[in-house]
Amino acid sequence: MARDFYEVLGVKRGADDKEIKSAYRRLARKLHPDVNPNDKSAEAKFKEISQAYEVIGDPERRKLYDQYGQNWEAAKNFGGGPGPGDGGFEFQFGHEGGIGSVFEQIFGGAGRAAPGGVRFGFDEIGPQNVDKVVDVPLEEIDKGSKRMLTYQTIDAARARDGVTRVPTTKKVEVSIPAGIEDGKKLRVPGKGSAGVNGRAGDLFVTVHWATHPKFRAVGDHLEVEVPVPFTTAALGGEIRVPTLRGTVTMKIPEGTQGGQTFRLAGQGIARLQGGRCDLMAKVKVTVPKRPSEDQRRLLRQLAELEGPAA
């Protein structure tokens, strides 16, 4: 049996959107395949948290999940939504429930009333939209890419005995524009679930920026931590800074401190409207782990010149 999505992300059912997003990002950074190469367990857990966030990270799907649990998607595809008192109808998912009972409740007979007293005629089965979420690496966000999505829809079809719902596997190529914002939705017309009239709803693809082992989004810019030898930080010099497209040279002024951040204009990720954001290079001062005898001797001389620590 699938685990509760709230349990998967480690949040309470009453958690707000910010808490859910924060929990997902924290786990994604820890479990992402790029951080755990060849670790099947981490890969499986990453898929599990992504599936959980795809549902409870979206307000509309979260409402359905809170009401129907693991059967939320079936309820959505079959027109589920508002419960009694909201002017809608309610699916009953007991220990004998599931998809079968949904068919019985809706399609057991022409014009049969659903629980709650609302009548559901065959001709009312209209097109439904489908929502999907994709995690896209920052390198692809920077230059744009295409993704082939394979998914199933529950389409309405007329059969000899009336209207049924039939699963349909669809493969759709989606263009990811360069610089698309994190969390932005793309609309693909006519690639959702079809109603009895043959017309289909739309496919909505939410694009998430995948966690990167080096870069992270900070406001409108990217940040990268760069190691700087303590001698270069003290005396000044040049270092190489990684970008999404290679490396660039950056000058380090004399007396640079650890944690100091330098702005590299136009070296960040692409913007949807054109151009690129900035890259913030955060200095991490490094010291030799195993200094040589010559290094030790020089460091002792430096320590004597500096005198005792204040």
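The values are calculated or read from the model by the stated rules, or taken from the named source; none is laboratory data. Since the structure is predicted, the reported quantities are computational estimates derived from the model, not experimental observations. In this analysis, Cβ positions are derived from the backbone assuming ideal geometry, glycine residues included, and neighbour counts consider all displayed protein chains.
Figures for the structure shown
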read-out: Residue tally, condition in a loop (DSSP other than H, G, I, E, B) and surrounded by fewer than 19 Cβ atoms within 10 Å (Cβ to Cβ), over region 33-57; value: 7
read-out: Residue within region 174-192 that is over 20 Å from the mean Cα position of the chain (by Cα), modelled with pLDDT of 50 or more and among the charged types (D, E, K, R) present; value: yes
read-out: Qualifying positions in region 209-238 - more than 19 Å from Gly183 (Cα to Cα), in a strand (DSSP E or B) and not acidic (Asp, Glu); value: Val224, Val226, Pro227, Val228, Pro229, Gly237
read-out: Residue among Gln273, Gln301 that is over 32 Å from the mean Cα position of the chain (by Cα), among the polar types (S, T, N, Q) and modelled with pLDDT under 95; value: Gln301
read-out: Hits in region 1-25 (condition: without any contact (Cβ under 8 Å) to a residue 60 or more places away in the chain and either in a helix (DSSP H, G or I) or closer than 10 Å to Gly57 by Cβ (or both)); value: Tyr6, Glu7, Val8, Leu9, Asp17, Lys18, Glu19, Ile20, Lys21, Ser22, Ala23, Tyr24
read-out: Those residues of region 265-308 which are without any contact (Cβ under 8 Å) to a residue 60 or more places away in the chain, of a type in the set (S, T, N, Q) and not in a strand (DSSP E or B), in sequence order; value: Gln267, Ser292, Gln295, Gln301
read-out: In region 277-308, the residues that are within 20 Å of Thr247 (Cβ to Cβ) and either exposed (fewer than 10 other Cβ atoms within 10 Å of the Cβ) or of a type outside the set (Lys, Arg) (or both); value: Cys277, Asp278, Leu279, Met280, Ala281, Val283, Val285, Thr286
read-out: Unique residue being part of a strand (DSSP E or B), under 26 Å from Gln51 (Cα atoms), more than 25 Å from the chain's Cα centre (by Cα) and not acidic (Asp, Glu) when the list is Val241, Val166; value: Val166
read-out: Odd one out for Arg119 among (1) modelled with pLDDT under 50; (2) assigned by TED's automatic domain parsing to the domain that holds Thr206; (3) of a type in the set (D, E, K, R); value: (2)
